[in-house]
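Note sheet for the following structure.
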Amino acid sequence: MNIHESLSSPGFMLGEQIARQVFEILPEGGPLVMIMDTEGNSWPSNSHDFAKLNISESFFKSICAKIDDGAEPVVAQTDDCSVVGAQLATDRSNCGYVIIALPQYTPESTLANIDLIEMLLNQLGLIAKLIEKNNLLYEVQMKHYHVGAQSEIASN
């Protein structure tokens, strides 16, 4: 796939749209969130803070592989950071993955808060569904306007 096709693919567009909406509302000092599409593109909520965690790309890929194998959410630990990953999907699209990094969380503190983390993951899924529905409604509206404009031209 060439770069133009990947940048204009529905999965890429949806992933970027989700990231923009979600990152706007994340609290400062809160969890670090990364949206990853199935092609390997990723959008971190704070690239500087993610870089400071020094988490390897292979670590993220191993979390995604576990998610693909059906484990969800995946909870992992690297150094002093807990990482939680889950699939990000709508009824129509597999958008990729959501990775939540929790610096200075132990496995115990992560598991103690897993209900809140799962609620955040579910909210991200809901945001993805709403963005996708909005996009579909926009497409239908544009097609409707296009058909209306064509019939108006034909009648003149």
* To do: State all residues of segment 131-145 that are out of contact with any Lys or Arg (no Cβ under 9 Å at 6 or more places or on another chain) and within 19 Å of M34 (Cα to Cα); if no residue qualifies, say none.
  => I131
* Structure fact -> Among the residues of segment 60-77, the number that are in contact (Cβ under 8 Å) with a residue 24 or more places away in the chain and touching a helix residue (DSSP H, G or I) at 6+ places or on another chain (Cβ under 7 Å) is 3
* Structure fact -> Across segment 69-100, the tally of residues that are crowded, with 19+ Cβ neighbours inside 10 Å and on the phi > 0 side of the Ramachandran plot stands at 1
* Pairs, first without any contact (Cβ under 8 Å) to a residue 60 or more places away in the chain and at negative phi in segment 102-115, second in a helix (DSSP H, G or I) and among the small types (G, A, S), C-beta under 7 Å, six or more apart -> none
* Could you count how many residues in segment 101-136 are surrounded by 13 or more Cβ atoms within 10 Å (Cβ to Cβ) and among the small types (G, A, S)? -> 3
* Asked: Restricting attention to segment 85-101, which residues are in a loop (DSSP other than H, G, I, E, B) and either closer than 17 Å to E72 by Cα or touching a residue at least 60 places away in the same chain (Cβ under 8 Å) (or both)?
  -> T90, S93
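Conditions (1) in a loop (DSSP other than H, G, I, E, B); (2) modelled with pLDDT of 95 or more; (3) in contact with a Gly (Cβ under 6 Å, 6 or more places away or on another chain), marked per residue:
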| site | (1), (2), (3) |
| --- | --- |
| M1 | yes, no, no |
| H4 | no, no, no |
| M34 | no, yes, no |
| D49 | no, no, no |
| K52 | no, no, no |
| K61 | no, no, no |
| K66 | no, yes, no |
| V83 | no, yes, no |
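Consider D37 carefully, then state whether it is charged (D, E, K, R) and within 16 Å of A128 (Cβ to Cβ).
Considered against the rule, which asks whether it is charged (D, E, K, R) and within 16 Å of A128 (Cβ to Cβ), D37 comes out as yes.
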* Structure fact -> Flagged pairs (Cβ under 8 angstrom, 6 or more apart or on separate chains; first in segment 42-55, farther than 17 Å from L26 by Cα; second part of a loop (DSSP other than H, G, I, E, B)) are L53/D79; N54/D79
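The values are calculated or read from the model by the stated rules, or taken from the named source; none is laboratory data. Since we're looking at a predicted model, the values are computed, not measured. Cβ sites come from the backbone with ideal geometry, for glycine too, and all protein chains shown count toward neighbours.
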